[in-house]
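Any read-out appearing in this document is the output of simple, stated calculations on the displayed coordinates, not a laboratory observation. The shown structure was predicted, so the numbers you read here are calculated from the model rather than taken from an experiment. Cβ atoms come from the backbone with ideal geometry, glycine included; neighbour counts cover every protein chain shown.
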Ligand code: ARG
């Protein structure tokens, strides 16, 4: 039972009666959980805007609404407060009934949707052959948790890992393999050696690019310097507006000069890194055309060159295997993993289709789609015949629509690609997929403690596996310290500690990511994510373990409590508050889907855990005075544990019975 949905249902007809043909949906959106328990459980704030619309006093409108809505069984109290707020208190009997029904339900009282849709979720999607880094965690865990939530609510989900397995990184690796491979290292660990080659070629390409950019960059700085000096000479005019404008321009010029200098520094640093290393500078000298050559290798791969094709076929399965290891650790599965290469044969058809539809046209030798809303066109074929990222994405949409008749496609990809997706959706909706809803589920950057993108000291993005290892190691310390400090001495074997550390470590990383509003950047901190108090996976897992420990301590079989006929009774206000929160699980899941934000679920779990903790402080469970109260409270504890475990599972996070 979704209480909020039930309230909205009941209000709907009443609002139609009172509001006439006003937009009822927006009024229904104004029914919300109350912020403060003193105002009841829910609050309907629709009388104020409606009063304005109808030219009536909001308090009168509120009274009209209440007169029309049937809440007799559902609410024990309805109240009009202040300018016309309607405060609603759910009846204890009704709530007691519902919590008992939820307790007997495997779905914990969460109903399946009545309008099931087919969703394609495009997430994780790393460019293989490059090592996976911290940035990939976001797409992977957000996508996985959305897939789990959608499925639980009854939707069809196709989880698609759209691997970048055909891009320019392969040209770089092929070039690296042909010129720099260390056969012994390759034999020992292919993917490690391929990663090294990728980084090496990347670095050499960057070297030559940076070298070329230094002079123009210096010129740019000189120009900016002169301009700044000129601005600094300008005397105030006494005109406030003019002077303000001038001081703004001055500030801007200073900022731009500083940032141009920074760019120059980073260019010089890249060049110096190679120049100061005899081996690297020998490589650089011997491969001055490496940038162009690597691109050529990619082009040859795409044209079907047999050597390159063979190398690609040799590398690809190994790279895939390598990333599978990470997915196995994260317990993330996909339904399909075609990857970009799968769509290659469709690309000429995409271009000709768009030409025939009159959407693509030639511009400077390239095939482009000009869109009104965008300054730059979407390029679908370069003048040398090469297809682009966008071309593959259009083919992918075509395939997804034919194969699964998707209702919605969600792309969980970082915010830097937002323009790409806006253009993609505009073109696909206008061309081959008019009805499908597409959303870019964008997310921010993972930062270090000083607010910069999280990198290793050498400037590389941090490898994902190393990150997970570190989290598990830290979790082991946390778990061991917690166990060692138990009043009656440690309880866990080393093997158990290791298992717990695995669940806690991976959970902490995922939860830290999911609990932040996805569109914001967030600071990666092991200490914060593994705190035993606060909005962390560790706290949630700890709350779950606490419930299990009640049963252990009391020597009570959980199954016996679950099947007992003794119902949950809500007498203490903390019991009621906890039950109310348990009942709000389905609301939380609806909120997740509203804007595809898993942090709606973590927020909910945190609230639930807090209410549980306050219940546990105020209401003795094993020492309850009456057996019936003890049984009821045990049931409530168990139900809380089940919701926590279930919610965590929808986030892709496990639980343990003991910590
Ligand atoms: N491989 C791409 C990258 O790493 C992300 C792909 C996202 N999905 C898509 N259909 N474009 O940037």
Taking Cα atoms, how many degrees apart are the long axis of helix 92-104 and the longest axis of the chain, rounded to 10 and kept between 0 and 90? 60
P(r) for segment 43-113, please, calculated from all Cα pair distances in 5 Å bins and given in %. 4, 16, 19, 16, 13, 12, 10, 7, 3, 1
Centroid-to-centroid separation of segment 262-284 and segment 307-337 [C-alpha atoms, Å]: 33
Compactness check, segment 194-291: C-alpha Rg relative to the 2.2 N^0.38 Å globular estimate gives 1.58
Mind putting together the pair-distance distribution for segment 436-515? All Cα pairs, 10 Å bins, whole percent per bin, short to long. 15, 34, 27, 17, 5, 1, 0
Multiply the residue separation of residue 37 and residue 53 by 0.36 nm, subtract the distance between their alpha-carbon atoms, and state the gained length in nm to one decimal. 2.8 nm
With r as the distance between the Cβ atoms of residue 222 and residue 247 and R0 = 25 Å, compute the FRET efficiency 1/(1 + (r/R0)^6) and round to 0.05. 0.60
Whole-number D in µm² s⁻¹ for segment 255-306, Kirkwood Cα-pair radius fed into Stokes-Einstein, 20 °C, 1.002 mPa s: 158
Using only the alpha-carbon atoms, how far is helix 464-484 inclined from the longest principal axis of the chain? Give it as 0 to 90 degrees, nearest 10. 40
In whole percent, what relative contact order does segment 527-659 give with Cα contacts below 8 Å and a gap of six or more residues? 38
Give me the Debye-computed log₁₀ of I(q)/I(0) at q = 0.16 Å⁻¹ for segment 586-647, equal point scatterers on Cα only, no solvent, two decimals. -0.58
For segment 237-376, what is Rg from Cα atoms divided by 2.2 N^0.38 Å, rounded to two decimals? 1.74
Provide the descending list of Cα extents for segment 303-447 along its principal axes, expressed in whole angstroms. 46, 38, 36
By the Kirkwood definition, with r running over pairs of different Cα atoms, the chain has a hydrodynamic radius in Å of 29.2
Given contacts defined as C-alpha pairs under 8 Å and at least six residues apart, what's the relative contact order of the chain, whole-number percent? 15
What distance in nm lies between label points placed 7 Å from Cα along the C-beta direction at residue 23 and residue 113? 2.2
Evaluate the distance, in nm, between pseudo-label points positioned 7 Å from the Cα of residue 105 and of residue 449 along their respective Cα→Cβ axes. 4.6
Virtual paramagnetic centre 7 Å along Cα→Cβ of residue 305, amide N under 17 Å, in segment 377-412: 384-387
Below 8 Å between Cα atoms, with a sequence gap of 6+, how large is the relative contact order for segment 9-94 in percent? 30
Taking a temperature of 10 °C and a viscosity of 1.306 mPa s, what whole-number D in µm²/s does Stokes-Einstein yield for segment 1-127 with Rh from Kirkwood over alpha carbon pairs? 97
Show me, bin by bin at 5 Å from 0, the whole-percent P(r) of segment 504-649 based on Cα pairs. 2, 10, 19, 20, 19, 13, 9, 5, 3, 1, 0
CD proxy at 222 nm, helix term only [per DSSP H run n ≥ 4: -39500 (n - 2.57); per residue of the chain; nearest 500]: -20000 deg cm²/dmol
Taking the convex hull of Cα positions in segment 122-240, its mean projected area over all directions (nm²): 15.4
Give the angle, between 0 and 90 degrees and rounded to the nearest 10, that separates the Cα long axis of helix 168-180 from the longest principal axis of the Cα atoms of the chain. 50
Given the chain, what percent of its DSSP beta bridges are antiparallel, to the nearest 5? 55
Would you please put 580-586, 381-387, 592-598, 631-637 in order of how densely packed they are, using the mean number of other Cβ atoms within 10 angstrom per residue and starting with the highest? 631-637, 580-586, 592-598, 381-387
Each label point is 7 Å from the Cα along the Cα-to-Cβ direction; what then is the distance between the points at residue 477 and residue 532, in nm? 1.6
So, for the Cα atoms of segment 31-80, Rg and Dmax in Å stand at 11.4, 32
Kirkwood hydrodynamic radius over Cα pairs of segment 284-337, then Stokes diffusion coefficient at 37 °C and 0.692 mPa s, in µm²/s: 240
Considering segment 577-618, what Rg and Dmax in Å follow from its alpha-carbon atoms? 11.0, 36
Nearest 0.05, what FRET efficiency do residue 560 and residue 465 give at R0 = 56 Å with Cβ-Cβ as r? 0.80
Stretched out fully, how many nm does the piece from residue 93 to residue 607 gain, at 0.36 nm a residue minus the Cα gap? 182.7 nm
Specify, per residue and in Å³, the volume enclosed by the convex hull of the alpha carbon atoms belonging to segment 493-587. 157
In whole Å, what three semi-axes, largest first, describe the equivalent ellipsoid of segment 431-576 built from its Cα gyration tensor (square root of 5 times each eigenvalue)? 36, 26, 14
